[in-house]
Amino acid sequence: MKKRLAISFIVVLLLLPLALADEYEDEKEYDAGYTTFAVVGVGLIGAGVAYYALTKRKLLIKHRKGDRWGFEIQLEHPYVTFIGPVSPMTVHHALTITGTLLVFVHFLSCGNYSGVGGLAGLGMGVTLIALNALGFIGRAINRKILSLTKSGRKGDVARYVRIYQRWKKVHIALAVLFAILLAIHLNAVD
């Protein structure tokens, strides 16, 4: 039931740009609509990245597996414990994928990607696609490492950890590129 609901939600988000499309009759063809979707989407992407980074390193928050969602606030370090039935990586993926889909509603509403703002927006779109694809690859590598660890194949684990470390550098570099392109885009469209 949960998988069907998640798939339905993703399909609706994918079809939303088509349903909301307009003909640009009296508008400038360079203007993209649905800026609120982009703002919420980038916010979700940022929240997903921050949640995963902070829980992985236990800097301010930690994640504890539990049957229900919740949180505990404590005075000692880390200050907040989030409780949930899924892993921090799953939360990261859910937020970043949903955020990407919302950003694409804004992205696809633009009729022309020329100029600094348009080119930066186009670069952001390509970068988001690459980041999401790499996210699925990273998750597969992570699962492979866990399964090889359980089976006691230390040589294979070491090889996949090296692959994961290279993957991580590319994933982080693309995230930094996205942030730079976002800054250029926001500066250019102001």
Run the quick spin-label model on Ile137 and Leu119: label points 7 Å from Cα toward the beta carbon, then report their separation in nm to one decimal. 2.6
Calc'd 3J(HN,Hα), the range 123-131, phi into Karplus 6.51 cos²θ - 1.76 cosθ + 1.60 (θ = phi - 60°), Hz, glycine/Pro = x, comes to x, 5, x, 5, 5, 5, 4, 5, 4
With θ set to phi - 60° and the Karplus curve 6.51 cos²θ - 1.76 cosθ + 1.60, what are the ³J(HN,Hα) couplings of the range 62-73 in order, to the nearest whole Hz, using x for Gly and Pro? 10, 10, 10, 5, x, 6, 10, 6, x, 8, 10, 9
Between Gly33 and residues 5 or more places away or on another chain, which pairs have amide H atoms under 5 Å apart, with H built 1.01 Å from N, and which residues are they? Ser109, Cys110
For Cα pairs less than 8 Å apart in space and 6+ apart in sequence, what is the mean separation divided by the residue count of the chain, i.e. the relative contact order in percent? 22
Please list, in order along the range 146-153, the HN-Hα scalar couplings obtained from phi with the Karplus expression 6.51 cos²θ - 1.76 cosθ + 1.60 (θ = phi - 60°), rounded to whole Hz, x for Gly and Pro. 5, 5, 5, 5, 4, 7, x, 8
Between the Cα axis of helix 154-189 and the main Cα principal axis of the chain, the angle (0 to 90°, nearest 10) is 30
For Ala158 and Val126, calculate 0.36 nm times their separation in residues minus their Cα-Cα distance, and state this gained length in nm to one decimal. 8.3 nm
Rounded to the nearest 500, what is the chain's calculated 222 nm mean residue ellipticity when only DSSP H runs of at least 4 contribute -39500 (n - 2.57) each, over all residues? -25500 deg cm²/dmol
What FRET efficiency do you get for Glu76 and Ala183 if R0 is 35 Å and r is their Cβ-Cβ distance, rounded to the nearest 0.05? 0.45
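The numbers here are math on the coordinates, done by the rules we state, and not lab data. From a predicted model like this one, the values you see are computed outputs, not experimental measurements. Counting neighbours? That spans all protein chains shown, and the Cβs are built from the backbone with ideal geometry, glycine included.
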